[in-house]
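Novice: My questions will all concern the structure given below.
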Amino acid sequence: MPAGALALALGAAAMHAVWNLVLARAKDTEAATAVVLASSVALFAVPAAVTWDVESGAWPYIAGSVAFEVGYLVTLSGALRRGDLSVVYPLARGSAPVLVLGVSAGVLGAATSAWQVTGVALVAAGVVLVRGWRRPHDRAAIALALACGGCIAGYTVVDSYGLDHADPLPYFWMVLALSGVVYVPLVARGRGGVALRAALRSETLAAAVLFFGAYLLVLAALRLADPGPVAAVRETGVVIATALGALVLREPVTPARAAGAAVVVCGAVLIALS
């Protein structure tokens, strides 16, 4: 893997973990998520327009991706409001590649290898370690984090087909813009306009840049390296988020939880590289 691609993928992983940190520490996670989404759409509207190339065949996939993206935002914000970043992030990000593999093999008929099966086993073991043998966390947070992983898997599979009909940047922007049409009014109705205005802070605006910027770094990395290694390096975000949870949010990251995050990364890397 070229050094430039490695640096870009690591940067994407760090940026993704940091904007999740911003949501986790926000007073109103759902309102902050809505502001991050809306701000990101506004900030990157011009680059999307300049690079616009979306065929008519992309729209069914965009619609499907929007459904999963809204689900992702709802479950992510709900999980971060109830649980620790160092638990939610590994569960959501770690379960996604396992579910993608399951859909690819079970529904789409893709072949699986021994390494991929080993990766699935490692992710499962890591999830157990992150979750803990006893019940120190809100069960709703665990369920929402795993549902979030399901949504990530869903839009990953849908987008893999949709991007055959569109340039990645305007495709992603369109998905986010339409998701915002659904999610922002939903949050405004539940939380109120006051909550949204209160969430409009420098931290959330920075998170909006990181939200979209992480994706742009991945695109740049994919121009230099194959998707497998890039996806594998991105999983280091699990370790980064766990460290941020301990250092910034002062979460009780036990050795078992830290080890679980590392095992999740190893399993995801095996799946990505197989």
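Novice: On the given criteria, is W19 at pLDDT 90 or above and in a loop (DSSP other than H, G, I, E, B)?
Specialist: It is false that W19 is at pLDDT 90 or above and in a loop (DSSP other than H, G, I, E, B).
Novice: Which residues, taken from the range 160-191, are of a type in the set (D, E, K, R) and under 18 Å from L217 (Cα atoms)?
Specialist: Passing the criteria: only D167.
Novice: Are there any pairs, at least 6 apart or on different chains, whose C-beta atoms fall under 6 Å, with the first in the range 158-172 and of a type in the set (F, W, Y) and the second assigned to a helix (DSSP H, G or I) and at pLDDT 90 or above, and if so, which?
Specialist: That search, which allows pairs on different chains as well, returns Y161/Y61.
Novice: Related question: What number of residues within the range 69-91 are at pLDDT below 95 and more than 27 Å from A258 (Cα to Cα)?
Specialist: 1
Novice: Looking at the range 49-63, which of its residues are assigned to a helix (DSSP H, G or I), surrounded by 12 or more Cβ atoms within 10 Å (Cβ to Cβ) and not aliphatic (A, V, I, L, M)?
Specialist: Answer for the range 49-63, where residues must be assigned to a helix (DSSP H, G or I), surrounded by 12 or more Cβ atoms within 10 Å (Cβ to Cβ) and not aliphatic (A, V, I, L, M): G57, W59, P60, Y61.
Novice: Here's a check for you: in the range 143-157, which residue that is of a type in the set (A, V, I, L, M) and touching a residue at least 60 places away in the same chain (Cβ under 8 Å) is surrounded by the most Cβ atoms within 10 Å (Cβ to Cβ)?
Specialist: Filtering first and then ranking leaves A145.
The values are calculated or read from the model by the stated rules, or taken from the named source; none is laboratory data. Just so it is clear, the structure is predicted and the values come from calculations on it, not from any experiment. Don't worry about glycine lacking a Cβ; one is built from the backbone with ideal geometry, like all the others, and counts go over all protein chains shown.
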